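Have a look at the structure below, then the notes.
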Amino acid sequence: MDQYDHKKLEEKWQKIWEEKQLYKTDDNSSNPKFYALVEFPYPSGDGLHVGHPRPYIGMDIIARKKRLEGFNVLYPIGWDAFGLPTENYAIKTGISPAEVTKNNTDNFRRQIKLLGTSFDWSREINTTDPKYYKWTQWIFLQLYKHGLGYKAKAIINWCPKDKTGLANEEVINGKCERCGTAVEKREKEQWILAITKYAERLDKDLDTVDYSPQIKLQQKNWIGRSEGAEIKFNIEGEEASIIVFTSRPETIYGATYLVLSPEHFFVEEFLKRETIENKDKVNSYLQKSKATTEIERTSLSKEKTGVELKGIKAINPATKERIPVFVADYVLPHYGTGAIMAVPAHDERDGQFAKKYTLPTKEVIDGSKLINSENFSGHSIQEVKEELVDLVGGKMKTTYKLRDWIFSRQRYWGEPIPIIHCAKCGTVPVPEKDLPVELPEVENYHPTDSGESPLAVISEWVNITCPKCGGEAKRETDTMPNWAGSSWYFLRYIDPENTNALADPEKLKKWMPVDWYNGGMEHTTLHLLYSRFWNKFLFDIGVSPVNEPYQKRTSHGFILAPDGEKMSKSRGNVINPDDVVNTFGADTFRLYEMFMGPFDQAVKWSTDGILGPRRFVEKIWKQFEKVNTKTTDKETKSLLEKTIKKVGEDIESMHFNTAVSTLMILGNQFDKVSEINQLDFERFLIILAPFCPHLSEELWEKCGHSTSIFAEKWPAHNPQLITEEESNIVIQINGKMRGLVKMSADSEQEAVFLAAKGLPEMAKWLGKTEPKKIIYVPGRLLNIVI
Ligand code: ANZ
Ligand code: ZN
């Protein structure tokens, strides 16, 4: 037999698969559908590193198994190609981002193909392609027309170096995630999407999907649903009042002071007054708190600061007591009403604050009962909560932490927002027939010095006639954030060439929802939330056929560099998959990536670690010489059945590492025997095929087949041939030991009872009467009560 030559063999099969279009999805197949999705990559100039393929290989294994099980599988890929790195490169070099993107995607495509992945490349999409972003713009227009897109002044994080607004998650410890410059706050007119209108559904509908518990929790925390009440506190001797939001209205008898956020409108009102004792102190406090980040403000460990608004008192509507009013930055402007009733006995932050400023603390809750609360004392919280809110004239209210989505950037490399500003007609949407609004060529990709997109200086692009009145008008020059294109891409894969609609409704109905979506841990908050929001909106307007886009969502861990750090060009610790595949082959690479550790956890790359998988592949290659028509011995046969069962289960639960080790154990067993029956070996090849598709195809061919192994059926295991570890199970009658049966430790109660009945010494107890009760300790003891 030939030497194992991974290069020859992998090139051969990749060519055959491409020629036969083996992974091209047939929309007309009547087999049950399975839509497998991975997060499409951002094609950076650095190319793929070995961390990128981990999710592609994992989902590839699932997709291949599903095909073997008879599903019609859709497994697509494309490019999420708008974004800053390409743009910054264009600013530096003057090369257009479109050209850079083309080169980068060519390189990524070549690399991904080398790995023997089973993507349907005929459906490849690119978010920067005008044929694609036409529909991103179209969705924006629908949002706008339904009142969910609006322009407003917003405080944004501003990077003075990149000259761009940053999303909160792009600010790391107060610095720009990309360039490390200290981030400033700026007020700017921004396009905003009203995602908060969907907060309730985004929270509640998590009950209808199969996401890992951790991902659900992340979504829930980000949405931040909180049930509570809004309660009005009057200011003594004035018309003015302050409304607070509390999640613990039952503690109102312990509310000994109020706190306003520095941004609260009443603070400004207050400072307008003629006579204020401590105006300067309040003013200087407001100045100081402006410089503090939100994270510092909410941190429990940070010392609480604040200042009293001297000269006014609020009235606690329950106790009727006069209580002081403070401004303190631990209260945030955009949550609840931006004002709280402080209950130092039961809220930690209030407690710290009260201690520092020696404010009264009053306990009003003991366990789940109220105390020191007049008529309500002695009652349980649940009993009186709503009645109490009623009594003080408040109302029950559900609040969300989620904020509306700031949707503009003042940059070049993004989808132009399809809006026209007319002096006479105001804001006019670009007519749908004029979509896409294409990005024009520019000389210079740098934002203007006043912080506008470079589009703003191309007068022949900006100046346009108003589609409504024909008068002079200007185009919007803001572009969309890089979250836009990925908020609906799963719909486009279903019908990527469609020019009349974002996708054909019949095809959407056939393929949606995505059956299984796997992606990075870092995208399980925002991307997941944004795309669920867009899909829900599209569902509401009759475009998407489903309320939730993803039936199942899992995530994978990063692959770290051998030094334990994140791989990055600047650290010089990147491992390029091209080199690994060149030396060891794609099959070995795939096996190693799945074998190196639990799929959902971070693992370090180790070039030594890949030797084991390589030896396994070579071993299997040689074992073909033992294949013949004789019967496989009992022990090997039993292990094969076990392996088929375990590998199937492990793939379904993404326990790829234990699936690989199970395959390796079988490989060792094959080594010990002198012959393997061909049919048994073929069943083994089929379960190996999702992991090592090239090797399996080649050996399958050597077994005499002329069609692809992927046209086969996933084998069923034979449970009767699985000999488990046997154990002695004690049989008791009414608690006394009367016999022993030797059986598999995972036998069911029914089987053990039957075996016990078969023991001759049991006849006198179990002969005629039915037992009253049977108690079974699996694998150890069966107590029959008669
Ligand atoms: C009285 C109280 C007593 C509170 C108690 C808590 C415990 P969650 O549950 O996260 O929704 N709060 C309200 N608005 C705030 C704001 N803008 N900035 C900072 N804190 C604010 O939190 C709701 C609780 O957080 C509210 O209930 C309020 O304090 C505080 F034993 O009111 B509570
Ligand atoms: Zn007009």
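The values are calculated or read from the model by the stated rules, or taken from the named source; none is laboratory data. Computed from a predicted model, the values in this text were never measured in an experiment. Counting neighbours? That spans all protein chains shown, and the Cβs are built from the backbone with ideal geometry, glycine included. Each accessible area value is taken on the protein alone, full model and side chains, heavy atoms only, with ligands, DNA and RNA left out. Shrake-Rupley method; radii C 1.70, N 1.55, O 1.52, S 1.80 Å.
Could you give the dipole magnitude of the chain about its Cα centre, charging the beta-carbon of Lys and Arg +1 and that of Asp and Glu -1, in debye to the nearest 20?
Dipole magnitude for the chain comes out near 1100 debye.
Let a ≥ b ≥ c be the square roots of the eigenvalues of the Cα gyration tensor of region 293-399; is it rounded (a/c under 1.5), or, if not, prolate (a/b larger than b/c) or oblate?
It is prolate, given that a/c is not under 1.5 and a/b is the larger ratio.
Relative to the longest principal axis of the C-alpha atoms of the chain, give the angle of the C-alpha long axis of helix 611-623, reported between 0 and 90° and rounded to the nearest 10°.
Approximately 30 degrees, to the nearest ten.
Take the Cα coordinates of region 697-786, assign each an equal point scatterer, and use the Debye formula without solvent to give log10 I(q)/I(0) at q = 0.11, 0.18, 0.19, 0.23 Å⁻¹.
-0.46, -0.78, -0.84, -1.09
So what are the radius of gyration and Dmax for the Cα set of region 488-598, in Å?
18.8, 52
So what's the angle, to the nearest 10 degrees on a 0 to 90 scale, between helix 213-223 and the longest Cα principal axis of the chain?
Value to nearest ten degrees: 20.
Along region 684-700, what does the Karplus equation 6.51 cos²θ - 1.76 cosθ + 1.60 (θ = phi - 60°) give for ³J(HN,Hα), rounded to whole Hz, x for Gly and Pro?
Result, ordered by residue: 4, 4, 5, 6, 7, 4, x, 7, 10, x, 6, 4, 5, 4, 5, 5, 4 Hz.
Using only the alpha-carbon atoms, what does the chain span along each of its principal axes? Please give whole angstrom values in decreasing order.
For the chain, the Cα spread along each principal axis is 103, 82, 50 Å.
Computed from the mean reciprocal separation of all distinct C-alpha pairs, what Kirkwood hydrodynamic radius does region 545-693 have, in Å?
17.1
Sort Ile774, Ile156 by heavy-atom solvent-accessible area, probe 1.4 angstrom, most to least.
Ile774, Ile156
Describe numerically, in nm with one decimal, the distance between label points set 7 Å from Cα along Cα→Cβ at Asp434 and at Lys764.
10.1
Could you report region 604-688's accessible area per residue, 1.4 Å probe, as an integer in Å²?
Per-residue value: 44 Å².
Ignoring everything except DSSP H segments at least 4 long, calculate the 222 nm mean residue ellipticity for the chain; use -39,500 (n - 2.57) per segment, divide by total residues, nearest 500.
Taken over the chain, the calculation gives -10000 deg cm²/dmol.
I need the calculated FRET efficiency for the pair Asp600 and Ile172, taking r as the beta carbon distance and R₀ as 25 Å, to the nearest 0.05.
About 0.55, to the nearest 0.05.
Return the tail of the calculated pair distribution for region 35-179, meaning the percent of Cα-Cα pairs more than 18 Å apart.
When every Cα pair of region 35-179 is considered, 69 percent fall beyond 18 Å.
Tell me the accessible surface of Ser708 in square angstrom (1.4 angstrom probe, heavy atoms of protein chains only), to the nearest ten.
The value for Ser708 is about 20 Å².
Using the heavy atoms of the protein chains and a 1.4 angstrom probe, tell me the accessible area per residue for region 152-197 in square angstrom.
Ligands and nucleic acids excluded, the figure is 51 Å² per residue.
Enter the accessible area per residue of region 1-71 (Å², integer; probe 1.4 Å; all protein chains in place).
44
Treating cross-link reach as a plain straight distance, find the lysines whose alpha-carbon is under 28 Å from the alpha-carbon of Lys8, omitting any fewer than eight places away in the same chain.
Lys20, Lys24, Lys65, Lys66, Lys113, Lys619, Lys622, Lys626, Lys702, Lys713
Taking a virtual spin label 7 Å from the Cα of Thr448 along the C-beta vector, which residues in region 387-423 bring their backbone nitrogen under 13 Å of it?
Zone members listed by number: 410-411.
Say each of His146 and Glu618 gets a label point 7 Å from the Cα, pointing the same way as Cα to Cβ; how far apart are those two points in nm?
6.0
Could you name the lysines in cross-link range of Lys397, using Cα to Cα under 20 Å and dropping any fewer than eight places away on the same chain?
Lys197, Lys204, Lys220, Lys232, Lys385
For the chain, which whole percent of the accessible surface, found with a 1.4 angstrom probe, sits on carbon and sulfur atoms?
For the chain, the apolar C and S fraction of the accessible surface comes to 49 percent.
Taking the Cα atoms of region 1-119 alone, what are Rg (to one decimal) and Dmax (as a whole number) in Å?
17.2, 56
Mind ranking Cys466, Cys425 by accessible surface for me, highest first, 1.4 Å probe?
Result of the area sort, largest leading: Cys425, Cys466.
Tell me the angle of helix 381-391 to the major Cα principal axis of the chain, expressed in degrees between 0 and 90 and rounded to the nearest ten.
Long axis of 381-391 versus the principal axis of the chain: about 30 degrees.
Evaluate E = 1/(1 + (r/R0)^6) for Asn221 and Arg571, where r is the Cβ-Cβ distance and R0 equals 22 Å; express this FRET efficiency to the nearest 0.05.
The pair Asn221/Arg571 has a calculated efficiency of 0.10.
Using a ≥ b ≥ c from the Cα gyration tensor of region 153-261 (square roots of the eigenvalues), is it rounded, prolate or oblate, where a/c under 1.5 gives rounded and otherwise the larger of a/b and b/c decides, a/b for prolate?
It comes out oblate by the Cα gyration axes.
From the protein chains alone at 1.4 Å, what is the descending order of accessible area for Arg123, Arg273, largest first?
Arg273, Arg123
If the chain between Arg403 and Gln720 were fully stretched, how many nm would it gain, using 0.36 nm times the residue separation less the Cα-Cα distance?
108.3 nm is the gain from fully extending Arg403 to Gln720.
Cross-link partners among aspartates and glutamates for Lys92, C-alpha distance below 20 Å, same-chain residues fewer than 8 apart left out?
Correct list for Lys92: Asp46, Asp162, Glu177, Glu441, Glu443, Asp449, Glu452.
For region 43-110 and region 376-452, what is the separation of their Cα centres, given in Å?
30
What figure in square angstrom, to the nearest 10, would you give for the accessible area of Met567 with a 1.4 Å probe?
Probe radius 1.4 Å; accessible area of Met567 about 20 Å².
Could you tell me the calculated FRET efficiency between Glu19 and Leu560, based on Cβ-Cβ distance and R0 = 45 angstrom, to the nearest 0.05?
With R0 = 45 Å, the Cβ-Cβ based efficiency is 0.75.
Express in Å², to the nearest 10, the accessible area of Tyr489 obtained by rolling a 1.4 Å probe over the protein heavy atoms while all chains stay in place.
0
Dividing the convex hull volume of the Cα atoms of region 458-511 by its residue count, what figure in Å³ per residue is obtained?
For region 458-511, the hull spanned by Cα atoms encloses 133 Å³ per residue.
Can you tell me what the convex hull of the Cα atoms of region 206-340 projects to on average, as an area in nm²?
With every direction weighted equally, the projected area is 10.2 nm².
Under 11 Å from a point placed 7 Å out from the Cα of Lys772 along the Cα-to-Cβ direction: which residues of region 726-752 have their backbone N that close?
Within reach of a label on Lys772, which here means backbone N under 11 Å from a point 7 Å along Cα→Cβ, region 726-752 contributes 734.
If you average 1/r across every pair of different Cα atoms in region 377-517 and take the reciprocal, what Kirkwood value do you get, in Å?
Evaluated over region 377-517, this radius sits at 19.7 Å.
Hey, got the dipole for region 225-292? About the Cα centre, +1 on K and R Cβ, -1 on D and E Cβ, debye to the nearest 20?
Here the size comes out at about 340 debye.
Tell me, what is the percent relative contact order of the chain, built from C-alpha pairs under 8 Å that lie six or more residues apart?
Dividing the mean separation by the residue count of the chain yields 14 percent.
Relative contact order, percent, of region 278-342 when contacts are C-alpha pairs under 8 Å separated by at least 6 residues?
Computed value for region 278-342: 29 percent relative contact order.
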